[in-house]
Amino acid sequence: MAFNPKQKILIMDDMSTMRKIIKNMLGKMGCSDLTEADDGKPAWQMIQDAHENGVPFEFIVSDWNMPQMTGLDLLKNLRSDERFKKLPFLMITAEAEQSNVVIAVKAGVSNFIVKPFSIVTLKEKIDKVFPG
């Protein structure tokens, strides 16, 4: 399934500046249905609520490090829930350590991107999540 810029996307990062940067990049790629969360805990609730309301998120872009619930913990919650097992998930991190990549892959991440990154890199990573 190719990337559809019209799909509903949730962007999670505890830093508002980073959320804004990601929103701007996705906006330049034609995305307009963008929702923000500042932590995995409210994001987990938002994902469940959206699903129950019949307007589920179709792609998650999440930072790894957040104060209450990390991106990794959110990913594990999603992958252990039948409703969200296949929900595309792009993990963003400042930690380029190989061990983190392995942990995220084992947890079921769709792809991984290291900060800082350009719109070109973001597009390449998204295209690998949604091979068209």
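The values are calculated or read from the model by the stated rules, or taken from the named source; none is laboratory data. These numbers were taken from a predicted model, which means no experiment stands behind them. Here Cβ is always computed from backbone atoms with ideal geometry, including for glycine, and neighbour counts include all displayed protein chains. We work out accessible area using only protein heavy atoms, side chains counted, and drop any ligands, DNA or RNA first. Shrake-Rupley method; radii C 1.70, N 1.55, O 1.52, S 1.80 Å.
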Study note, to complete from the structure: Per the filter on the range 53-69, residues open to solvent by 30 Å² or more (accessible area, probe 1.4 Å) and under 15 Å from Arg19 (Cβ atoms) are Asn65, Pro67
Practice item. Please enumerate the residues belonging to the range 76-101 that are open to solvent by 60 Å² or more (accessible area, probe 1.4 Å), under 15 Å from Trp44 (Cβ atoms) and among the polar types (S, T, N, Q). Key: Ser80
Review point. Which is surrounded by 20 or more Cβ atoms within 10 Å (Cβ to Cβ), of a type in the set (Asp, Glu) and modelled with pLDDT of 95 or more, of Asp33, Asp73, Asp13, Asp38?
Key: Asp13
Point to revise | Residue check, Phe57 without any contact (Cβ under 8 Å) to a residue 24 or more places away in the chain, closer than 21 Å to Phe3 by Cβ and within 14 Å of the chain's Cα centre (by Cα) | key: no
